[in-house]
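Each remark here refers to the structure printed beneath this line.
The values are calculated or read from the model by the stated rules, or taken from the named source; none is laboratory data. Note that the structure is predicted; figures quoted are calculated from it, not measured. Reconstructed Cβ throughout: ideal geometry from the backbone, glycine too, with neighbour counts over all protein chains shown.
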Amino acid sequence: MVMNALREFLRLESASGILLLIAAVLAMAVENSAARPLYGALLGTPVEVRIGALEIAKPLLLWVNDGLMAAFFFLVGLELKREILQGELSDRSQITLPVLAAIGGMLVPALVYVAINRGDAAALRGWAIPSATDIAFALGVLSLLGKRVPTALKLFLMTLAIIDDIGAIAIIALFYTEGLSTTSLLIALAAFGVLFLMNRRGVVSLFPYLAVGLILWVAVLKSGVHATLAGVMLALFIPLRTGRPDASPLERLEHDLHPTVAYGILPLFAFMNTGVPLDGLSWDSFTRSVPLGIALGLFLGKQVGVFGFSWLAIRLGFARLPERCTWSALYGVSLLCGIGFTMSLFIGSLAFDASDASRMVDGRLGILSGSLLSALAGYCVLRVVLRQARGDAS
């Protein structure tokens, strides 16, 4: 059953990676065509919801980034809870290597970015952009290599990406929160308490959790803390174990939500956030401090951080190489960790205000170029390494 769930998870993530690529290419094509004004108008379409004195008025782009992406973070939270309680993250012997690799993969790219952008306070707000790994794209590239990829290597990448998500969530909460509203925070805290009580009293129906979760999302949205964190907070209280033989509410909800997020929400987010104008693009566009810092952070910082910390952990005896995995294969996966895309784009939308169009474009340019380099290099290295390993085994 566990292996079947893993195969389904990998299959969904791989397909999502292909859809993300199509959405990004489509956004680039539209942004650089006669339809550019329509694309801009679509992103800026005002959408308003009002109930009495409560009003939520945002452009369509922010409804996607603050609203629909909350469902993505909700799914991430469900996966995290399941993995911590009964999955890969529950086994200390299996988690040590990806934890240390993930720490290196977040720390070194941030240092690379800061080193390139030191002295520019506005640009330094983007220090966390190259610290994220996109699990959908990374697993999508890995799936192109077929059955040659050892299962332990896939598990290492998946676990590392999940831990990376935890780090990204913590970064958003700690460093991209401002202008707090005390009243909204108190309402969010009250909703949090209700969710806790329902969980402790053994409520298994999903409707009460989702209803209180909606209140929590609105309160967090109005509080100044980024609204997507409400999705993670809600996920922590969805019951995993109920003592009944049928599927748990968490597993059922995760199974139902996964295709919607993988095939709908993430491609839509990519389409809304990857339109980069190519007119006037030159070599200088890639060597400005922001795109260069992001691209080098993803391509160079990620591989040095993930592989370097992994090498150190194994050499010091804290961990061991994944089963049937060579150092060369581990390096190839370290390269794939430089595919930032979804989470990098999301952090970029928080780091640089939409009014600063030039930095927004620079950020997207760095993410796309760094992710593309990492994907190509990782695929080429693993294709050669895994082919050699198969030849040696035959």
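If you check 84, 95, 56 for being touching a helix residue (DSSP H, G or I) at 6+ places or on another chain (Cβ under 8 Å) and in a strand (DSSP E or B), only one passes: 56. Here the stretch 181-200 is the region considered, the condition is being small (Gly, Ala, Ser) and closer than 15 Å to residue 218 by Cα, and the residue that is modelled with the lowest pLDDT is 181. For the stretch 149-166, the criterion of being among the acidic types (Asp, Glu) and outside any helix (DSSP H, G or I) is satisfied by no residue at all.
Being under 16 Å from the mean Cα position of the chain (by Cα) and either β-branched (Val, Ile, Thr) or surrounded by 15 or more Cβ atoms within 10 Å (Cβ to Cβ) (or both): is that true of residue 276 here? Here the answer is no, as residue 276 does not meet what is asked. Based on what the data block shows, is residue 352 under 17 Å from the mean Cα position of the chain (by Cα) and hydrophobic (A, V, I, L, M, F, W, C)? Spelling it out, it is not the case that residue 352 is under 17 Å from the mean Cα position of the chain (by Cα) and hydrophobic (A, V, I, L, M, F, W, C). Tell me which residues, restricted to the stretch 20-39, are more than 25 Å from the chain's Cα centre (by Cα) and either surrounded by 12 or more Cβ atoms within 10 Å (Cβ to Cβ) or in a helix (DSSP H, G or I) (or both). 32, 35, 36, 37, 38, listed by residue number.
Residue pairs whose Cβ atoms lie under 8 Å apart, separated by 6 or more positions or on different chains, with the first residue in the stretch 136-147 and touching a residue at least 24 places away in the same chain (Cβ under 8 Å) and the second acidic (Asp, Glu) and crowded, with 16+ Cβ neighbours inside 10 Å, are 136/13; 139/13; 140/13. Within this structure, residue 264 fails the test of being crowded, with 18+ Cβ neighbours inside 10 Å and small (Gly, Ala, Ser). Residues that are within 18 Å of the chain's Cα centre (by Cα), part of a helix (DSSP H, G or I) and surrounded by 15 or more Cβ atoms within 10 Å (Cβ to Cβ) do occur in the stretch 115-126. When residue 240 is tested against (1) part of a loop (DSSP other than H, G, I, E, B); (2) in contact with a helix residue (DSSP H, G or I) (Cβ under 7 Å, 6 or more places away or on another chain); (3) exposed (fewer than 15 other Cβ atoms within 10 Å of the Cβ), only condition (3) is not met. Return yes or no: is residue 325 of a type outside the set (Val, Ile, Thr) and crowded, with 24+ Cβ neighbours inside 10 Å? Criteria not met by residue 325.
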